Structure formats: C-alpha cells, structure tokens
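Trainee: Sharing a structure here in structure tokens format.
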Amino acid sequence: MRPSNETELSEAIRDAGGPLVVRGGGTRPVGRPVSGEVLSVAGITGISLFEPGALTLVAAAGTPLAEVEAVLSEGGQRLPFEPMDHRGLLGSEGVPTLGGMVAANASGPRRVQAGACRDSLIGVRFVDGTGTVVKNGGRVMKNVTGLDLVKLMAGSWGTLGVLSEVAFKLLPRPETETTLVLEGLDDARAVAAMAAALGSPFEVTGAAHLPDGRTILRQEGFAASVAYRAGALAGHLAGFGTCARLDAGESADLWAGVRDVATFHAAAGDVWRLSVKPSDAPDIVTKAGGRALYDWGGGLIWLLMPEGCDLRALLGPINGHATLIRANTATRAGIASFHPAPATVTALAEGLRRRFDPRGILNPGLME
C-alpha cells in the first residue's frame, strides 16, 4: 500500500485486515523482523511551510530528507541534530525520509550541543492503529499538558502511529567550521580530552574518538570566532598533546563519516549502538573486546562485534542501553534489537500501544 495523502493513509490503516509493516524510505531495517503487508508513506510528500525568519519547517512525513536539506541550505539554515544516513552501514537502499528520521529519532554528532531529533521536533500529525488522525504540537515551542505526543513519536519506530506530517525548529547554517585533531590517545585519555573540550567555554559541536586513534573536536560559527576558539581550545588541551587543525572542507567530510559510521560500512560483523556514561565507555569497550567508534564525548559507542554475538549477555548489566543496529535476519529474530526496559517502563509502553494501536497491527513485535 502506498497512500498519497493523509486521508488515504487513514483509510488504509482503518481497513487493514492484519499486520502492517510501516515503511518510509526503507533505509533503516532495524529491530525484530516484522511480517505483514507493507504500508509505505513515501508517497506523502511536500514542504508545506518554510519560514526562515521564524526558523520553522513543516513537511509531509514521506518527503525525502535530501530535498529538505537542499531547501534549508538555500535558506541558510539546517536541521540542528545532524541526522544519520543508515544506508552505508546497513547496506540498504531507498531514500531517507523525514518520517523515518523521526521514527528512529536519528541524531548525529551535533547532539552533544544541539540535542536530539526529538528536541527540535515541535509538531506531528499521525494516524493511529484505528485509522484516527491525531495532531499534537504546532509551529512554535510551548509547554503542553497531557501526553507530549511530539516527543513520544520520536523513536517509536512506527509502533504507535504512522506519521503524516512533522514540524521542526531550525538553526542557522554556520559560516565555517574547523576540527582539532589529537593523535595517539588511548581510549581513557581520549574520553578525558573530550570531556575537557566539552566542558570548556569554547563551544564544541562534535567530540569523537575514532578506531584509528584520532580524537577529533569540531567547532562551528563565524570565521573570526571559530579561529579564536580553535586556538583557545588547542591551548586548553595542551596537556593531551599538540592539536592539528582541519579546514572546513576536510572537517565536513570527516564528520559526515562519523555521523554515518563509515568506518564500519565494509567491515564484517554485527554493529551495536551503546548509550552510556562517557566515563564508563572505555571499560565497556575493553570488556566487549570489539572495535569501537566513540561519539558524543564517549556517551555513544558504535561497536563492531562478531556475527551473532549477544553483547548484552557478554557485558551483563550496564548503566545504559545497547541496541543491535546491524545483523542478519536470523540474529535479529533471535536477539532483541532494543535494550530491555525496566518493568515499569515496559508496562507504560504496553499501555500506550494498547491505547494507540488496540489491534496490534503497526509493526507488531519490532521493538520486542
């Protein structure tokens, strides 16, 4: 099924006789394999509002992300949270869409400074499992009472409703950027250096430690400000070594690779995504024994592991969560992709699914 507007989407869900595999661009096959009829929102497209002066965008959920980013670039603006493109890592095809981005809460290296996708999302329209159209939020940020469905839909992976429209607050595109590079730090020293950079007054918008041993720190803004802050940050980090500096083009290319985890694209094995306390990250990586890319100052670990490895069983309890992002179908069927939630959270999640999808037809089992 490929509806072309919200009304057709509502009718398709209302009349569905069984499970639906909800799909945007089909670029993020994460979670338990789901059986059912494919429901694609890729036909529901178009930017309905772009107000550069108000830093606001409203668009249909099936709108290609590349189309939106091109329009924003022409207007001197961007999505704040640097959404990841999963195609290289997952070997998927298709076109990333706004709705799929929101459903996955896809957020890249700039999250340490600008927040996640859900933090910039200010409004949604979606169709629940009964075929009812639901709207929450709007074109301005404000406090609301009751369920904050805007935040709830980000990261719900199409299990609560099928997005038809999303609204975002934007940020101006910076004039330039640079990246400072430290060489040869071990993981613990790299995390300490990233913490020192992020805790400094010099406005770091990316902090990562790469498998090749480089520790990289990004700064963005007006050219004069970036030049001053880069010099000041290099002095601040003198105890960790001498910083090399990349120009804007080299910096942008490097961070696109970090965002999309390019270092693991051609590497054999499963890929896990761990969200942990940065100070815990080096010990977790040592215990796991895999190959690691640290982002968010160490708060996010991309970990390459042997195929079929149950990382959670290997690590035992951790203060954080581990998500299986890339694995073959058999492994995804046998190992839960999403970290088990505490009993109270599980009960709340089940209650929400019963409320919004009483028939249990929207991506059933995907997040189990």
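The values are calculated or read from the model by the stated rules, or taken from the named source; none is laboratory data. Being a predicted model, the structure only gives us computed values, none of them experimental. Every residue, glycine among them, receives a Cβ derived from its backbone with ideal geometry; neighbour counts consider all protein chains shown.
Trainee: For segment 327-354, what are the residues that are surrounded by 13 or more Cβ atoms within 10 Å (Cβ to Cβ), not aliphatic (A, V, I, L, M) and not in a loop (DSSP other than H, G, I, E, B)?
Mentor: Thr331, Arg332, Arg353 - these are the residues of segment 327-354 that are surrounded by 13 or more Cβ atoms within 10 Å (Cβ to Cβ), not aliphatic (A, V, I, L, M) and not in a loop (DSSP other than H, G, I, E, B).
Trainee: Right, here's the next one. Determine whether Arg139 is surrounded by fewer than 17 Cβ atoms within 10 Å (Cβ to Cβ) and at pLDDT 90 or above.
Mentor: When the stated conditions are applied, Arg139 does not pass them.
Trainee: So which residues in segment 314-329 are touching a residue at least 12 places away in the same chain (Cβ under 8 Å) and either assigned by TED's automatic domain parsing to the domain that holds Asn105 or more than 18 Å from His86 (Cβ to Cβ) (or both)?
Mentor: Hits for segment 314-329 are Leu314, Leu315, Ile318, Asn319, Gly320, His321.
Trainee: Further question: Taking segment 41-93 only, how many residues are crowded, with 21+ Cβ neighbours inside 10 Å and of a type in the set (Ser, Thr, Tyr)?
Mentor: So the count comes out to 1.
Trainee: Residues in segment 5-13: is at least one outside any strand (DSSP E or B) and at pLDDT below 95?
Mentor: Looking for residues that are outside any strand (DSSP E or B) and at pLDDT below 95, one finds none in segment 5-13, hence no.
Trainee: Here's a follow-up. Met84 is checked against (1) in contact (Cβ under 8 Å) with a residue 60 or more places away in the chain; (2) part of a strand (DSSP E or B); (3) closer than 27 Å to Ile335 by Cβ; (4) not basic (Lys, Arg) and fails just one. What number does that condition carry?
Mentor: (2)
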